[in-house]
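The values are calculated or read from the model by the stated rules, or taken from the named source; none is laboratory data. Every value quoted in this text rests on a predicted model; they were computed, and no experiment measured them. So basically every Cβ, Gly included, is an ideal-geometry build from the backbone, and we count neighbours across all protein chains shown. Remember, those area values only see protein heavy atoms, side chains included, never the ligands or the DNA or RNA. Shrake-Rupley method; radii C 1.70, N 1.55, O 1.52, S 1.80 Å.
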Amino acid sequence: MSDVPLDLIPTRDTGPAAVMAADTGPAAAAAADTGRRVYSAPALEKAIDIVELLATEPRGLTITEIANRLSRSISELFRVVVVLDRRGWLHKDRDSDRYRVTYKLLETAHRATPAQELTQVAAPLMLALAAAAMQSCHLVVVSGAHGLIVHRQESPGPTGFAVRLGTSIALATNCSGHVLLAFMSAGARSAIPGAAALDAHLATIRARGHETLKSARMAGVSDMSCPIFGYDGHVVAALTIPFLEVIDETPHISAADTLIALKRTAADISQALGWFDPGEASASEDAA
């Protein structure tokens, strides 16, 4: 007799309409379409559905709202939500009874991916950049078809403009996204919605090594962004400054000088990650 629980035994394929396990959620239906074997883990499916739903609701949802959105009963989800709250994946607001996703998801992703090394290397250099430019800066990586802000450094000055950690951005309409699209491989870029229409502009970004774009949300803010490369030469992140124009006597440097500092910092982070710039080598050889 097998020791494997019955609900973990894969069903056998029977053609296009594969026999499904007990759960009939979105994942089960998708698996049926492809004829793949299905492993049933209903509680896990519910937990993932809840986290993915709340990731799109920064204000949070009550358990009744969660149940309605997922077309499930409260009794089906109650214990799953309570466990996610107890384990720190969700946070319940005591006043509104709304549940929100916590930063634990982002922290776990950092530990499990190269993002941890990236932020550890970048953090002190971003701190120095913010101090020199008196501007905030942030780090964006590709996450699926979007960009994700994985680290930020606020301006040390009396005023500043900063984006929220964990914010998801559209690659095709954002300054950081343009940099990531410009320097990623053509194959990866072809899978990003809206990227094909930017081919000519992305070629310009690759040629000049940076992107500048007026903020689509805030007047007086102009984004500037540079690529960060890993040891293998592939782009791993975009380093971005939302440049806030200063009109009083607060000490500051110009946008042009800020861009120079940004480029230097991005190159320093890349080199700390093991990237070797062939352009610098050629320049050294020419000088010799």
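Structure above, values below:
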| read-out | value |
| --- | --- |
| Residue in the stretch 224-234 that is within 20 Å of ILE149 (Cβ to Cβ), open to solvent by less than 50 Å² (accessible area, probe 1.4 Å) and in contact with a Pro (Cβ under 9 Å, 6 or more places away or on another chain) present | yes |
| All positions within the stretch 140-160 that are assigned to a strand (DSSP E or B) and under 12 Å from GLY177 (Cβ atoms) | VAL140, VAL141, VAL142, SER143, HIS146, GLY147, LEU148, ILE149 |
| Residues within the stretch 83-105 that are surrounded by 14 or more Cβ atoms within 10 Å (Cβ to Cβ) and out of contact with any Gly (no Cβ under 7 Å at 6 or more places or on another chain), tallied | 8 |
| Members of the stretch 45-79 that are within 26 Å of the chain's Cα centre (by Cα) and open to solvent by less than 40 Å² (accessible area, probe 1.4 Å) | LYS46, ALA47, ASP49, ILE50, VAL51, LEU53, LEU54, GLY60, LEU61, THR62, ILE66 |
| Selection count where residues are exposed (fewer than 13 other Cβ atoms within 10 Å of the Cβ), touching a residue at least 40 places away in the same chain (Cβ under 8 Å) and in a helix (DSSP H, G or I), scope the stretch 167-214 | 1 |
| Hey, ALA196 over 18 Å from the mean Cα position of the chain (by Cα) and small (Gly, Ala, Ser) or not | yes |
